[in-house]
Amino acid sequence: MLNTTKVIRYIEMHLGYRFSQLEITHEEILDLIDMETLITFSKYFPYQGEPINIDCNKDKVEGHNNIYYIDSETEILNVNKMIPNAILGPYTLVTDLGINLNPSIYSNPIAAQLDMDLYSTTKNPVTFRFIHPNKIEVTPMTANFNNFTITVNRVHPNHFGTIPNLLRTEFLTLALYDVQIMLYKIRSRFQNIQTTFGEMNLMLDDLSNASSARQELIEKFHANILKNPTRKKLIIA
C-alpha cells in the first residue's frame, strides 16, 4: 500500500536526491501531487469507496424538491449510479440514462424486454444529474421511495492508501513527471551551478522531457479506459 513516505522516496530516488539537494521541500512535493497528480489520475481511475445513502428529507437542498446534498470526505468527480432503497416493480437500478431493468427477477429475457418497452412508453424515466461540487438532482422525484443509495467517483485521498496496487507504477510515474515539470521551471533559469566540488549539471534535458512524457502517459490512460468494457461511457452526438 502506498503512503506519503513511499511516494517521497520514489521521487527523490529518481531525481538523484543523494547526489544533489532538491529545490523543493517534501511539503511542496506533496502539495503539488495533491493539486495535480491525484486529480488527473482520479479522472481515469477514480476512487469509489463505500456507497452513499441519501435521505430525501434530511439531505434536501433548501428551496428545492428534488436536489440533495452528497456527503463525501473527498472531492466528487461524478455520480456513477443511483439505486432507490425501495422496490419500483422490476425497475430498481437507476443510472444517468434512466431506470434500468433489474434482470435478477426475470427468467425470460423476452418478457423482460417487453416489460421494459412497455415501461418506456407509459412512464416517465427517473434520471439524475450531478451538480458540482456535492449535489444530485433527481427528475422526476417519485413518491415510491424516500431515500436512495448512490455510487460516486471521487478523487483519491492524499494519504495514497486507495491507489490500487495494479496501478501503483502508473501513479508514481505521473507524480514524478509533475515534480520534474516544476523543477524544470525552477532550474531553467540556470544552465549549471558552480560548487566547491566543481560545476554541477542541472539535468535540464531530462527535466525538459517530462511534459511530453506526461502527455504520453495520459494518452495511455485514456486509451486503456476506452477499452475497459465495465466503465460507463459518454456518447456525444
message: What pairs come out if I take residues in segment 205-233 that are under 30 Å from Val79 (Cα atoms) and pair them with residues that are at pLDDT 90 or above and among the acidic types (Asp, Glu) whose C-beta lies under 8 Å away, six or more apart or interchain?
response: Arg214/Asp178; Leu217/Glu170; Phe221/Glu170
statement: Residue hits (segment 184-219; closer than 28 Å to Ile39 by Cα, at pLDDT below 75 and surrounded by fewer than 17 Cβ atoms within 10 Å (Cβ to Cβ)) are Ser188, Met203, Leu204, Asp205, Asp206
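Every residue, every condition in (1) under 24 Å from the mean Cα position of the chain (by Cα); (2) assigned by TED's automatic domain parsing to the domain that holds Phe148; (3) in contact (Cβ under 8 Å) with a residue 12 or more places away in the chain, yes or no:
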| position | (1), (2), (3) |
| --- | --- |
| Asn57 | no, yes, yes |
| Lys60 | no, yes, no |
| Asp71 | yes, yes, yes |
| Glu75 | yes, yes, yes |
- prompt: Pick from Met82, Met1: which is touching a residue at least 24 places away in the same chain (Cβ under 8 Å) and either under 21 Å from Ile218 (Cα atoms) or touching a strand residue (DSSP E or B) at 6+ places or on another chain (Cβ under 7 Å) (or both)?
  reply: Met82
- prompt: When Thr122 is evaluated against the numbered criteria (1) assigned by TED's automatic domain parsing to the domain that holds Glu73; (2) exposed (fewer than 12 other Cβ atoms within 10 Å of the Cβ); (3) at pLDDT 55 or above, which criterion, by number, is the only one it fails?
  reply: (3)
- prompt: For Ile181, are the conditions met, namely being part of a helix (DSSP H, G or I), surrounded by 11 or more Cβ atoms within 10 Å (Cβ to Cβ), touching a helix residue (DSSP H, G or I) at 6+ places or on another chain (Cβ under 7 Å) and modelled with pLDDT under 85?
  reply: no
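The values are calculated or read from the model by the stated rules, or taken from the named source; none is laboratory data. Just so it is clear, the structure is predicted and the values come from calculations on it, not from any experiment. Ideal geometry is used to build each Cβ from the backbone, glycine not excepted, and the neighbour counts take in all protein chains shown.
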